[in-house]
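> Once you've had a glance at the structure underneath, I'll fire off some questions.
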Amino acid sequence: MEIYWVLGIPFTGGVFLALWGNRRNAPEINALFSFLTLLAAGLLTARIVEHGPLMVGGEGWFFIDPFNVFLVALTAFVAFTTALFSRPYMRIEKEHGRLTDKRLRLYHASYQIFIGAMLLALTTNNMGILWVSMEAATLATVLLVSLYRTPASLEAAWKYFILCGVGIALALFGTILLYFAAEKILGSGGTALLWTHLNGVKSQLEPTVLQLAFVFLLVGYGTKVGLAPLHNWLPDAHAEGPTPISAVLSGLLLNVALYAVMRSKVLVDGALGAEDGQGMAGNLMMGFGLLSVVLAAFLIKRQTDVKRMFAYSSIEHMGLVTFAFGMGGAVASFAGLLHMTMHSLTKSAIFFAVGHATQSAGTQVMDGIRGLIKTHPTIGWGLMLGTVAILGVPPFGVFASEFLIITTAMHEHPWATPFLLLALGVAFASIFGKVQPMVFGETELPRLPHQPALTPVFMHLGLVLMLGLFIPPYLATWYRQAAALLGG
Amino acid sequence: MTLSLTYHLQVVNFLAAMLLLIAFAMLSQRRIVGLVTLFAWQGAALSLSTAIVAWSTDQHHLYYSAALTLILKVIAMPWYFYRLVKKLDVDRDVEPMINIPTTMLIGIALVIFAFNLALPISEMSGTVTRSTLGIAMASVLLAFLMMITRSKAIPQVIGFLAMENGLFFAATSATYGMPLVVELGVALDVLVGVFVLGIFFFQIRETFDSLDLKHMEKLKEK
């Protein structure tokens, strides 16, 4: 039953805010809806932890197992903290004259629809509906990326729409091929695209068709994950959209897209009878992942815009997760899931801090942001700690997951290790070198008119720190179960 | 195979050929209004062939699919695009494409590639319409080519929608269409997408004074 709440609340919120979103307290209503979604997601998670995987509705329209419930909880959590952050952030933007009430209404309504679409993508059992909700999530954010109506933001939104549109069209073809293979065994009709049904008969599915389907699905959804060389839309959309949107795009949408890839990978591995890391799907993912890590690391070096830089860092980290999932096996999948969580929490925290930093400096160019520690100590510390965390410095959780990924790579695929280490080193040097003067340099920046919302930043970083020091046993079991579902 | 079925198949094959022909015509069409008309015709061919497949193979859900295509892609969207073109005052816009012959040659190469790609799949397929799968793939690739070669916003979107047409045709010929919920969902997405883009065109127009995407080449890696 909880599942209907999880999906119903954000969609209701979207409609409500579309109709009455120009009220003064719309930001609070937005946060309230996000909080209710989080509550519902919490209940759903508790239920799965207690009773195990769950199928709900009709012939099993929704399917929740440890793998997706963990992403549902993460999505609802980050969506809630982002709503908290966006409350003062968007107020300041409005006072700076960058936004009007009408655009804020659009923003709040689309925000809820976007969260709802992602949750639908995560919980649906139907591979076709998964496609539909991924596309819906893109559409909900196109107008958000162009919210400021600057030439650059319009260009970014156009690129986002066209590239992701083409990508997702390829994924549709992949889904058609999947249905084509499934229909022979499961018969035509609505149930042939249900993931649980497909998973049950995966060893009988036609291998060649599934291989072809996976290539299309990987390229299609991979565009959304931001895998190189299909990543072009990502830095633009992250840099030009409002910061709360950068945070949810980076922290959540990329995860959801990768989730779609993983669901397909389980099927194709089953059809090919592939062992861990031996299959064609795993190899493809490792290739794309490694390319993204290396390419992004070297592009980070050349960035001057702070949000663009962290967008490239997202590509790097999603590449790392894709690589880990591509390796397969219990440890690598566990590490991949852990890294997904850490990246979501840390990167959204960084975007929160960066958002306020750019607001006070009035620019996103890194040379213009100096000495945050003097004018806004909390923002400065938030940004510094977030950066240190994302760069994988112990004791933060990112270190634990990166360490696991790299040691597994050394064991299973030694050839990849130098590339990974080189990329991580380059990324470390360039990001740290650029953030350091932003935080500690000399400055004469003005103060912000509103109290910045930094509770979410420290909440996220606290979690990341905690998970780096100690993963509670039930959480570890949970990750292990999820990793087992991925064929670990 | 009964006589009537072969007869129907010939009609479907004819419509498939029309689909491909229209895809080529779109590649060479310079004017936006002409492009919208061609898009409507492509939708009509798709809708009719889906209906015939539905009738001759007794797949009732395909009737819904055909009706959906008819309403959305033959009536609603072209109407909306005509209005948009008028409102945005771009109906005199002519795309300065000099390399139509080259584009056509690339298009022919794509068709050959598509047929080769579709061959192993259509051999595995059990549908009577499997031979048209190659045409479906070819029209997807041609629409893709159109998206790449155009520099104006509306033609790019029409290219995108034509790609969707090709994909639907592929679904019909390989598997008699997708499950109905999925098809409804996709149609809803496409509809919402077109409306979002309508709003978006006005924003672009307001900011750039034109719908030419050549103005949008600022965001690049230096």
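> When every alpha-carbon pair in the range B:30-105 is counted, what percent end up more than 19 Å apart? Working shown, then result.
Numbers: 1456 of 2850 pairs.
Percent of Cα pairs beyond 19 Å in the range B:30-105: 51.
> For the range B:1-126, give the magnitude of the charge dipole about the Cα centre (Cβ charges: +1 Lys/Arg, -1 Asp/Glu; no others), in debye to the nearest 20.
Details: 7 positive and 6 negative charges, 84 e Å.
The dipole of the range B:1-126 has a size of about 400 debye.
> Can you compute the modelled spin-label distance between residue B:206 and residue B:82, with each label point 7 Å from Cα toward Cβ, in nm?
Spacing of the two 7 Å Cα→Cβ label points: 2.7 nm.
> Sort all Cα-Cα distances of the range A:129-248 into consecutive 10 angstrom bins from zero, then give the percent of pairs in each bin up to the one containing the longest distance.
14, 38, 25, 16, 7, 0
> Now a separate question. Only helical DSSP H runs with n ≥ 4 go in: add -39500 (n - 2.57) per run for chain B, normalise by residue count and round the 222 nm mean residue ellipticity to 500 deg cm²/dmol.
On the way: 8 runs with 167 residues, N = 222.
Mean residue ellipticity, 222 nm, calculated: -26000 deg cm²/dmol.
> Which of the aspartates and glutamates could a cross-linker bridge to residue A:265, judged by Cα under 15 Å and excluding same-chain residues fewer than eight apart?
Cross-link targets: A:206, A:275, A:276.
> Per-residue Cβ counts within 10 Å, from other chains only, averaged over A:234-241: what number is that? Write down the numbers at each step before the final one.
On the way: counts 0, 2, 3, 1, 0, 1, 1, 0.
The mean count of partner-chain Cβ atoms within 10 Å per residue comes to 1.
> For chain B, state the semi-axes of the equivalent ellipsoid (square roots of 5 times the eigenvalues of the alpha-carbon gyration tensor), sorted largest first and rounded to whole angstrom. List each step's numbers first, then the result.
Working: eigenvalues 205, 78, 44 Å².
Semi-axis lengths for chain B are 32, 20, 15 Å.
> Could you give the size of the charge dipole of chain A about its Cα centre, using +1 on the Cβ of each K and R and -1 on the Cβ of each D and E, expressed in debye and rounded to the nearest 20?
1120 debye
> Mind checking Rg over Rh on the range A:190-261, alpha carbons, Kirkwood formula for Rh? Write out the running numbers ahead of the final one.
Working: Rg = 15.8 Å, Rh = 14.1 Å.
Ratio of gyration radius to Kirkwood radius: 1.12.
> I need the semi-axes of the equivalent ellipsoid of the range A:147-199: take the C-alpha gyration tensor, multiply each eigenvalue by 5, square-root it, list largest first in whole angstrom. Provide the component values of the computation, followed by the final result.
Numbers: eigenvalues 279, 20, 9 Å².
Semi-axes from the Cα gyration tensor: 37, 10, 7 Å.
> How far apart, in nanometres, would the label points at residue A:407 and residue A:56 be if each is projected 7 angstrom from Cα along the Cα-to-Cβ direction?
3.8 nm
> Relative to the longest principal Cα axis of chain A, at what angle does helix A:66-95 sit, 0 to 90 degrees, rounded to 10?
20 degrees
> OK, next. Determine, from the Cβ-Cβ distance of residue A:440 and residue B:148 and an R0 of 45 Å, the FRET efficiency 1/(1 + (r/R0)^6), rounded to the nearest 0.05. Display every interim value, and only then the final one.
Numbers: r = 47 Å, r/R0 = 1.04.
Computed FRET efficiency for residue A:440 and residue B:148 comes out at 0.45.
> Taking the Cα centre of the range A:55-149 as the origin, how large is its charge dipole in debye, to the nearest 20, when only Lys and Arg (+1) and Asp and Glu (-1) carry charge on their Cβ atoms? Mind showing how you got there, number by number?
Numbers: 8 positive and 6 negative charges, 128 e Å.
Roughly 620 debye, rounded to the nearest 20.
> What 222 nm value per residue comes from the helices of chain A, counting each DSSP H run with n ≥ 4 as -39,500 (n - 2.57) and dividing by all residues, nearest 500 deg cm²/dmol? Intermediate values should be presented prior to the final figure.
Numbers: 20 runs with 372 residues, N = 488.
It lands at -26000 deg cm²/dmol.
> Oh, and also: What FRET efficiency would be calculated for the residue pair residue A:419, residue A:302, taking the C-beta separation as r and a Förster radius of 25 Å, to the nearest 0.05? Kindly include the intermediate steps, with their values, before the conclusion.
On the way: r = 19 Å, r/R0 = 0.76.
Approximately 0.85, to the nearest 0.05.
> To the nearest 10 degrees, how steeply does helix A:101-123 sit against the main Cα axis of chain A, on a 0 to 90 scale?
30 degrees
> Now for a different question. Could you tell me which of A:415, A:5, A:238 has its Cα farthest along the dipole of chain A towards the positive end, charges placed at Cβ (Lys, Arg +1; Asp, Glu -1), taken about the Cα centre?
A:238
> Lys/Arg Cβ at +1, Asp/Glu Cβ at -1, dipole of the range B:120-222 taken about the Cα centre: which of B:146, B:200, B:180 is farthest positive-ward?
B:146
> I'd like the Kirkwood hydrodynamic radius of the range B:166-222, using the inverse of the mean 1/r over distinct C-alpha pairs, in Å.
Numbers: mean 1/r = 0.0701 Å⁻¹.
So the Kirkwood estimate lands at 14.3 Å.
> In addition: Can you give me the Rg/Rh ratio for chain A, using Cα atoms for both radii and the Kirkwood formula for Rh?
Working: Rg = 21.2 Å, Rh = 22.3 Å.
Answer for chain A: 0.95.
> Measure nothing fancy, just the Cα-based angle from helix B:32-57's long axis to the longest principal axis of chain B, in degrees from 0 to 90, nearest 10.
Roughly 20 degrees, rounded to the nearest 10.
> Then there's this: For the range A:289-403, what number results from the quotient of the Cα radius of gyration and 2.2 N^0.38 Å? Could you put the intermediate results ahead of the total?
Details: Rg = 15.0 Å, N = 115, 2.2 N^0.38 = 13.4 Å.
With N residues counted in the range A:289-403, Rg over 2.2 N^0.38 Å equals 1.12.
> Shifting gears a bit: Give me the number: length gained by fully extending residue A:477 to residue A:393, i.e. 0.36 nm times residue separation minus the C-alpha to C-alpha distance, one decimal in nm.
Values: separation 84, 0.36 × 84 = 30.24 nm, distance 2.49 nm.
Residue separation times 0.36 nm, minus the Cα-Cα distance, leaves 27.7 nm.
> Please pull out the direction-averaged projected area of the range B:79-190, using the convex hull of its alpha-carbon atoms, in nm² to one decimal place. Please report the intermediate quantities before stating the final value.
On the way: hull surface 33.4 nm².
The directionally averaged projection comes out at 8.3 nm².
> Treating the Cα atoms of the range A:1-155 as identical point scatterers in vacuum, please give the log10 of the normalised Debye intensity I(q)/I(0) at q = 0.10, 0.14, 0.16, 0.18 Å⁻¹, two decimals.
One equal scatterer on each Cα of the range A:1-155 leads to -0.37, -0.69, -0.86, -1.03.
> FRET efficiency for residue A:43 and residue A:484, Cβ-Cβ distance as r, R0 = 22 Å, nearest 0.05?
Working: r = 24 Å, r/R0 = 1.10.
FRET efficiency, residue A:43 to residue A:484: 0.35.
> Then there's this: With point charges of +1 on the Cβ of Lys and Arg and -1 on the Cβ of Asp and Glu, referenced to the Cα centre of chain A, which listed residue (A:258, A:296, A:200) lies farthest in the positive direction of the dipole?
Checked the options; the winner is A:296.
> Pull up the cross-link candidates among the lysines for residue A:347, meaning alpha carbon to alpha carbon under 16 Å and not fewer than 8 places away within one chain.
A:307
Here, each number is a calculation from the coordinates, and none is a lab measurement. Everything numeric here is computed off the predicted structure, so don't read it as measured data. Cβ sites come from the backbone with ideal geometry, for glycine too, and all protein chains shown count toward neighbours.
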